[in-house]
Amino acid sequence: MDFFELAQKRQSCRNYKTQPVEKEKLLQCIKAALIAPSACNGQPWHYYLVTGTENVGKLARCLQSGGMNKWASEVPAFAVVTETASNMSAKVGSAVKDQDYSSVDIGISAAHFVLQAEELGLSTCIVGWFNEKKLKELLGIDKNRVRLVLAVGYAKDDDVHRNKMRKPLDEVFTAKE
């Protein structure tokens, strides 16, 4: 499939089979994430891949406060994305231009991960609701900030794709000639 078809097919999954995900596929997703572009090649990310029933269950509970993300208990694998120190050029650029390049870079890297997963027949959900303190304790993370958690697995209903409801083009696009 071409890139537009891949991007259109990818959606946030919240209903997973308990089937484990092959390590080779998870590593391919990590490799895709690591080749993402970043400001001044700072690569301000570190991925923690979490598999295995016990650790996955503990991690799922870190996403489930306030009645949120109940579906996470079914997920067979997670990738936790943390923000690491960027290089000096990117730090200076961020300060001078008042732009948070690290967050942008991490978002691009996560997009590479989830699109690679989709191409491999996996489903994903990008999760921003989590208990950072508990996640850091679980994974032994000292100082890096947890930015995203990526749920990864096989969708229970792999034939069901929702229509993407998006704003009209004229609301999100302006052409100047």
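Each reported figure results from applying straightforward, stated rules to the coordinates on display, with no laboratory input. From a predicted model like this one, the values you see are computed outputs, not experimental measurements. Cβ atoms come from the backbone with ideal geometry, glycine included; neighbour counts cover every protein chain shown.
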Looking at region 31-61, which of the residues that are among the polar types (S, T, N, Q) and surrounded by 13 or more Cβ atoms within 10 Å (Cβ to Cβ) is nearest to Leu139 (Cα to Cα)?
Asn55
Test Met68 against the stated conditions and say whether it is surrounded by fewer than 17 Cβ atoms within 10 Å (Cβ to Cβ) and either in contact with a Phe, Trp or Tyr (Cβ under 7 Å, 6 or more places away or on another chain) or closer than 17 Å to Ser123 by Cα (or both).
yes
Would you confirm, using the coordinates I've provided, whether Ala95 is exposed (fewer than 15 other Cβ atoms within 10 Å of the Cβ), of a type in the set (A, V, I, L, M), over 13 Å from the mean Cα position of the chain (by Cα) and assigned to a helix (DSSP H, G or I)?
yes
Criterion: buried (at least 18 other Cβ atoms within 10 Å of the Cβ) and basic (Lys, Arg) - qualifying residue of Lys167, Lys136, Lys143, Lys176
Lys136
Selection status of Ala85, assigned to a loop (DSSP other than H, G, I, E, B), touching a residue at least 40 places away in the same chain (Cβ under 8 Å) and surrounded by fewer than 17 Cβ atoms within 10 Å (Cβ to Cβ):
yes
Restricting attention to region 1-18, report how many residues are part of a loop (DSSP other than H, G, I, E, B) and either touching a strand residue (DSSP E or B) at 6+ places or on another chain (Cβ under 7 Å) or not polar (S, T, N, Q) (or both).
7
Being of a type in the set (Val, Ile, Thr), closer than 17 Å to Ala60 by Cα and in contact with a helix residue (DSSP H, G or I) (Cβ under 8 Å, 6 or more places away or on another chain) is true for just one of Val104, Val127. Which residue is that?
Val127
Quick one: which residue in Phe130, Phe78 is within 16 Å of the chain's Cα centre (by Cα) and more than 30 Å from Phe3 (Cα to Cα)?
Phe130
How about region 102-132: which of its residues are part of a helix (DSSP H, G or I), crowded, with 20+ Cβ neighbours inside 10 Å and of a type in the set (S, T, N, Q)?
Ser102, Ser109, Gln116
I'd like to verify a number: residues in region 37-68 that are in a loop (DSSP other than H, G, I, E, B), in contact with a helix residue (DSSP H, G or I) (Cβ under 9 Å, 6 or more places away or on another chain) and either farther than 14 Å from Val104 by Cβ or among the aromatic types (Phe, Trp, Tyr) (or both), how many?
3
Output for region 62-82, where each listed residue is free of Cβ contacts under 8 Å to residues at least 40 places away in the same chain and not small (Gly, Ala, Ser):
Gln64, Lys70
Being under 30 Å from Asp157 (Cα atoms) and among the small types (Gly, Ala, Ser) narrows it down to one residue among Ser123, Ser94; which is it?
Ser123
